[in-house]
């Protein structure tokens with residue numbers, strides 16, 4: 001698991017100092033919380049108090065996670081890579097916590113239940129997950145031209 | 001731009017040996033080509049010949065790209081990081097090539113026109129981009145609880 005941050009961020013100091021980090025994945029219905037967390041810095045604001053969200057406390061790394069979000073990764077810092085403006089932190093995933101409601105019948109994470117979203121920086125917008133395109137390593141089966 | 005690969009892959013040797021790589025982003029309509037490219041190794045198969053796709057030749061790095069795909073990044077290798085099973089190659093983007101048809105009226109890449117897709121490894125499936133959720137650094141404006 002990797003995250004890249006500028007040195008000026010509050011999170012940079014936390015990850016470098018604590019040797020670990022957590023990743024809390026929000027669902028579409030949590031988008032306003034996730035966006036708010038990106039709008040303010042923990043340097044000046046207690047974001048948990050301000051948003052009314054509750055911090056969970058990892059027993060594996062010294063970092064909080066967001067209890068309300070359905071999917072959490074707890075990571076031990078392995079490497080810290082300088083890349084120009086950003087520093088990339090690479091972590092080993094020590095544990096994954098998922099709400100039962102985002103798992104499929106086989107106990108696997110179901111992206112259609114997690115309903116994560118992602119940032120499109122070009123237009124400064126967020127998008128949800130779209131339609132199922134098909135099974136990987138299978139859709140391409142018929143591509144090779146027959147001799 | 002970063003990509004992570006196992007040492008056993010043919011691409012690993014190419015990137016390490018040439019000091020650069022290209023990334024060709026397919027649209028949804030190209031998914032069968034993209035899947036095929038992941039199903040076979042360049043060690044045994046000329047994937048361009050087998051698929052009927054045409055290689056473009058970067059003038060900036062010694063690597064081909066896929067002419068049919070709408071969006072191409074050409075990257076110079078900056079760092080090679082060992083992470084357990086995978087090696088991460090970090091590249092500096094030297095140029096971006098995009099078809100005019102995937103740009104918006106301001107000349108910015110429009111993700112709704114590119115129509116990329118992504119891999120959900122848990123269920124071994126591919127998904128398209130979903131609905132526009134809203135403007136980033138704005139949706140969260142009303143989150144802080146008023147005192």
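The values are calculated or read from the model by the stated rules, or taken from the named source; none is laboratory data. These figures come from a predicted structure and were not determined experimentally. All Cβ positions, even for glycine, are placed from backbone atoms using ideal geometry, and neighbour counts span all protein chains on display.
Determine whether the range A:47-70 contains at least one residue that is farther than 18 Å from residue A:97 by Cβ and in contact (Cβ under 8 Å) with a residue 40 or more places away in the chain.
no
May I ask you to verify whether residue A:91 is more than 30 Å from residue B:51 (Cβ to Cβ), touching a strand residue (DSSP E or B) at 6+ places or on another chain (Cβ under 7 Å), within 7 Å of another protein chain (Cβ to nearest Cβ) and crowded, with 16+ Cβ neighbours inside 10 Å?
no
Please determine whether any residue of the range A:109-117 is farther than 19 Å from residue B:119 by Cα and modelled with pLDDT of 95 or more.
Scanning the range A:109-117, I find no residue that is farther than 19 Å from residue B:119 by Cα and modelled with pLDDT of 95 or more, so the answer is no.
Checking the structure you have, find out if any residue of the range A:41-53 is part of a strand (DSSP E or B) and in contact with a strand residue (DSSP E or B) (Cβ under 9 Å, 6 or more places away or on another chain).
Within the range A:41-53 (the criterion being part of a strand (DSSP E or B) and in contact with a strand residue (DSSP E or B) (Cβ under 9 Å, 6 or more places away or on another chain)), the answer is no, since none of the residues qualifies.
What's the number of the only condition in (1) within 12 Å of chain B (Cβ to nearest Cβ); (2) in contact with a strand residue (DSSP E or B) (Cβ under 7 Å, 6 or more places away or on another chain); (3) surrounded by fewer than 18 Cβ atoms within 10 Å (Cβ to Cβ) that residue A:67 fails to meet?
So residue A:67 meets the others, but not (1).
Filter the range B:94-109 for residues that are more than 7 Å from chain A (Cβ to nearest Cβ) and touching a strand residue (DSSP E or B) at 6+ places or on another chain (Cβ under 8 Å) and give the result.
Within the range B:94-109, B:94, B:95, B:96, B:97, B:98, B:99, B:102, B:103 qualify.
Would you check which residues across the range A:94-111 are within 27 Å of residue A:39 (Cα to Cα) and surrounded by fewer than 17 Cβ atoms within 10 Å (Cβ to Cβ) and list them?
Answer for the range A:94-111, where residues must be within 27 Å of residue A:39 (Cα to Cα) and surrounded by fewer than 17 Cβ atoms within 10 Å (Cβ to Cβ): A:96, A:97, A:99.
Looking only at residues in the range A:117-147 that are crowded, with 18+ Cβ neighbours inside 10 Å and either in contact (Cβ under 8 Å) with a residue 60 or more places away in the chain or more than 7 Å from chain B (Cβ to nearest Cβ) (or both), which one is nearest to residue B:123 (Cα to Cα)?
That would be A:117.
What about residue A:58, is it buried (at least 16 other Cβ atoms within 10 Å of the Cβ), more than 14 Å from chain B (Cβ to nearest Cβ), within 25 Å of residue A:94 (Cα to Cα) and modelled with pLDDT under 95?
The answer is yes for residue A:58.
Taking the range B:5-54 as the region of interest, how many residues are more than 8 Å from chain A (Cβ to nearest Cβ), touching a helix residue (DSSP H, G or I) at 6+ places or on another chain (Cβ under 8 Å) and surrounded by fewer than 17 Cβ atoms within 10 Å (Cβ to Cβ)?
Of the residues in that region, 5 qualify.
Can you tell me which residue among A:123, A:63, A:100 is modelled with pLDDT of 95 or more and in contact with a helix residue (DSSP H, G or I) (Cβ under 8 Å, 6 or more places away or on another chain)?
The unique qualifying residue is A:63.
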